[in-house]
1. Is the shape of segment 1-84 rounded, prolate or oblate, going by the alpha carbon gyration tensor and its root eigenvalues a ≥ b ≥ c, with a/c under 1.5 for rounded and a/b larger than b/c for prolate?
2. Roughly how many debye, to the nearest 20, is the charge dipole of the chain about its Cα centre, given +1 on each Lys and Arg Cβ, -1 on each Asp and Glu Cβ, and no other charges?
3. Where Lys and Arg each count +1 and Asp and Glu each count -1, what net charge lies around residue 82 among other residues with Cβ under 13 Å from its Cβ?
4. Enter the accessible area per residue of segment 1-107 (Å², integer; probe 1.4 Å; all protein chains in place).
5. When only DSSP loop residues count, what trypsin sites (Lys or Arg not before Pro) in segment 1-101 have their Cβ near at most 12 other Cβ atoms within 10 Å?
6. Please state the relative contact order of segment 1-60 as a whole percent: Cα pairs under 8 Å, 6+ residues apart?
7. For segment 43-56, just list the computed ³J(HN,Hα) in residue order, Karplus coefficients 6.51, -1.76 and 1.60, θ = phi - 60°, integers in Hz, with x standing in for Gly and Pro.
8. If I compute solvent accessible area with a 1.4 Å probe over the protein chains, what percent of it on the chain is carbon and sulfur?
Amino acid sequence: MPSTLTSRRSALLIAAVLTVALGLAIHFFVPGDLASLIADALYTVLVYLVLAFILPKAQRLWIALAAFAVSAAIELAQLTGVPEQLAVSFPPSRLIFGTTFSALDLVAYEVGAAAVYLADRALSRTLRQGGITHNRK
(Lines give C-alpha, C1' and ligand atoms only; values in the text may rest on other atoms or scores of the structure.)
Protein backbone atom coordinates (compact mmCIF):
# COMPACT_ATOMS: atom_id res chain seq x y z
CA MET A 1 0.00 0.00 0.00
CA PRO A 2 2.80 2.54 0.69
CA SER A 3 3.97 2.34 -2.94
CA THR A 4 0.39 2.99 -4.02
CA LEU A 5 0.30 6.15 -1.88
CA THR A 6 3.69 7.18 -3.21
CA SER A 7 2.49 6.64 -6.78
CA ARG A 8 -0.70 8.59 -6.09
CA ARG A 9 1.21 11.47 -4.54
CA SER A 10 3.66 11.53 -7.45
CA ALA A 11 0.79 11.64 -9.95
CA LEU A 12 -0.96 14.37 -7.95
CA LEU A 13 2.23 16.44 -7.83
CA ILE A 14 2.76 16.15 -11.58
CA ALA A 15 -0.90 17.01 -12.20
CA ALA A 16 -0.61 20.05 -9.91
CA VAL A 17 2.47 21.37 -11.72
CA LEU A 18 0.76 20.92 -15.09
CA THR A 19 -2.40 22.58 -13.76
CA VAL A 20 -0.44 25.62 -12.56
CA ALA A 21 1.35 25.90 -15.90
CA LEU A 22 -1.88 25.60 -17.88
CA GLY A 23 -3.75 28.00 -15.60
CA LEU A 24 -1.03 30.66 -15.83
CA ALA A 25 -0.78 30.26 -19.60
CA ILE A 26 -4.52 30.72 -19.95
CA HIS A 27 -4.59 33.62 -17.49
CA PHE A 28 -1.80 35.57 -19.18
CA PHE A 29 -2.06 34.60 -22.85
CA VAL A 30 -5.69 33.80 -23.67
CA PRO A 31 -8.08 36.74 -23.63
CA GLY A 32 -11.77 36.63 -22.94
CA ASP A 33 -14.35 35.63 -20.40
CA LEU A 34 -14.32 31.93 -21.30
CA ALA A 35 -10.57 31.75 -20.72
CA SER A 36 -11.07 33.43 -17.34
CA LEU A 37 -13.70 30.88 -16.36
CA ILE A 38 -11.45 28.00 -17.45
CA ALA A 39 -8.62 29.46 -15.36
CA ASP A 40 -11.03 29.71 -12.41
CA ALA A 41 -12.05 26.07 -12.83
CA LEU A 42 -8.36 25.11 -12.92
CA TYR A 43 -7.89 27.03 -9.66
CA THR A 44 -10.29 24.62 -7.95
CA VAL A 45 -8.62 21.68 -9.69
CA LEU A 46 -5.34 22.80 -8.13
CA VAL A 47 -6.91 23.12 -4.68
CA TYR A 48 -8.26 19.56 -5.08
CA LEU A 49 -4.85 18.24 -6.12
CA VAL A 50 -3.13 19.91 -3.16
CA LEU A 51 -5.71 18.57 -0.71
CA ALA A 52 -5.50 15.08 -2.23
CA PHE A 53 -1.70 15.22 -1.97
CA ILE A 54 -1.90 16.17 1.71
CA LEU A 55 -4.69 13.66 2.46
CA PRO A 56 -4.17 10.81 -0.04
CA LYS A 57 -6.49 8.41 1.81
CA ALA A 58 -9.38 10.86 2.07
CA GLN A 59 -12.55 10.16 0.14
CA ARG A 60 -12.46 11.90 -3.20
CA LEU A 61 -15.95 13.35 -2.84
CA TRP A 62 -14.96 15.09 0.42
CA ILE A 63 -11.81 16.43 -1.24
CA ALA A 64 -13.91 17.83 -4.11
CA LEU A 65 -16.37 19.43 -1.70
CA ALA A 66 -13.51 20.92 0.32
CA ALA A 67 -11.82 22.25 -2.84
CA PHE A 68 -15.05 23.95 -3.87
CA ALA A 69 -15.54 25.33 -0.33
CA VAL A 70 -12.02 26.80 -0.23
CA SER A 71 -12.45 28.37 -3.67
CA ALA A 72 -15.89 29.74 -2.79
CA ALA A 73 -14.64 31.15 0.52
CA ILE A 74 -11.84 33.00 -1.26
CA GLU A 75 -14.33 34.32 -3.82
CA LEU A 76 -16.71 35.48 -1.09
CA ALA A 77 -13.80 37.13 0.74
CA GLN A 78 -13.48 39.41 -2.28
CA LEU A 79 -16.71 41.07 -1.15
CA THR A 80 -14.80 42.43 1.88
CA GLY A 81 -12.19 44.29 -0.16
CA VAL A 82 -9.34 42.67 1.79
CA PRO A 83 -7.96 40.72 -1.19
CA GLU A 84 -7.93 43.93 -3.25
CA GLN A 85 -5.97 45.74 -0.54
CA LEU A 86 -3.58 42.80 -0.32
CA ALA A 87 -3.05 42.93 -4.10
CA VAL A 88 -2.02 46.59 -3.82
CA SER A 89 0.72 45.78 -1.32
CA PHE A 90 1.69 42.40 -2.84
CA PRO A 91 0.58 42.12 -6.50
CA PRO A 92 1.23 38.35 -6.91
CA SER A 93 -1.47 37.71 -4.30
CA ARG A 94 -3.97 38.71 -6.99
CA LEU A 95 -3.38 35.30 -8.64
CA ILE A 96 -4.38 33.46 -5.46
CA PHE A 97 -7.05 35.67 -3.92
CA GLY A 98 -8.39 37.69 -6.86
CA THR A 99 -9.83 41.12 -6.30
CA THR A 100 -13.34 41.29 -7.74
CA PHE A 101 -16.28 39.10 -6.77
CA SER A 102 -18.16 37.32 -9.55
CA ALA A 103 -20.97 34.86 -8.94
CA LEU A 104 -20.06 33.22 -12.26
CA ASP A 105 -16.71 32.26 -10.77
CA LEU A 106 -18.59 30.10 -8.27
CA VAL A 107 -20.02 28.14 -11.20
CA ALA A 108 -16.53 27.71 -12.64
CA TYR A 109 -15.31 26.40 -9.27
CA GLU A 110 -18.17 23.92 -9.18
CA VAL A 111 -17.33 22.70 -12.67
CA GLY A 112 -13.65 22.39 -11.76
CA ALA A 113 -14.39 20.43 -8.59
CA ALA A 114 -16.77 18.08 -10.40
CA ALA A 115 -14.40 17.54 -13.33
CA VAL A 116 -11.35 16.74 -11.21
CA TYR A 117 -13.40 14.50 -8.91
CA LEU A 118 -14.75 12.50 -11.86
CA ALA A 119 -11.32 12.32 -13.51
CA ASP A 120 -9.62 11.18 -10.29
CA ARG A 121 -12.30 8.58 -9.64
CA ALA A 122 -12.14 7.23 -13.19
CA LEU A 123 -8.34 7.09 -13.21
CA SER A 124 -8.23 5.38 -9.83
CA ARG A 125 -10.81 2.83 -10.95
CA THR A 126 -8.80 2.14 -14.12
CA LEU A 127 -5.62 1.65 -12.12
CA ARG A 128 -7.35 -0.68 -9.63
CA GLN A 129 -8.76 -2.78 -12.44
CA GLY A 130 -5.34 -3.16 -14.01
CA GLY A 131 -5.98 -0.81 -16.89
CA ILE A 132 -2.40 0.35 -16.62
CA THR A 133 -0.08 -2.60 -16.26
CA HIS A 134 3.33 -2.66 -14.72
CA ASN A 135 6.23 -4.82 -15.73
CA ARG A 136 5.83 -7.82 -13.37
CA LYS A 137 8.48 -10.16 -14.75
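1. Details: a/c = 2.89, a/b = 1.51, b/c = 1.91.
Here segment 1-84 falls in the oblate category.
2. On the way: 10 positive and 7 negative charges, 225 e Å.
The calculated dipole for the chain is roughly 1080 debye.
3. Details: positive: 94; negative: 75, 84.
In short, -1.
4. On the way: 6650 Å² over 107 residues.
I get 62 Å² per residue for this part.
5. On the way: sites: 8, 9, 57, 60, 94; in loops: 57.
Listed in order of number, the matching sites are 57.
6. Working: 36 pairs, mean separation 27.1, N = 60.
About 45 percent, as a whole number.
7. With coefficients 6.51, -1.76 and 1.60, one gets 4, 5, 4, 5, 4, 4, 4, 5, 4, 5, 5, 5, 10, x Hz.
8. The value for the chain is 70 percent carbon and sulfur by accessible area.
The values are calculated or read from the model by the stated rules, or taken from the named source; none is laboratory data. What you see is a predicted model, and the numbers here were worked out from it, not measured in a lab. Positions of Cβ are backbone-derived with ideal geometry, glycine not excepted, and every protein chain shown enters the neighbour counts. All accessible areas refer to the heavy atoms of the entire protein, side chains included, with ligands and DNA or RNA removed. Shrake-Rupley method; radii C 1.70, N 1.55, O 1.52, S 1.80 Å.
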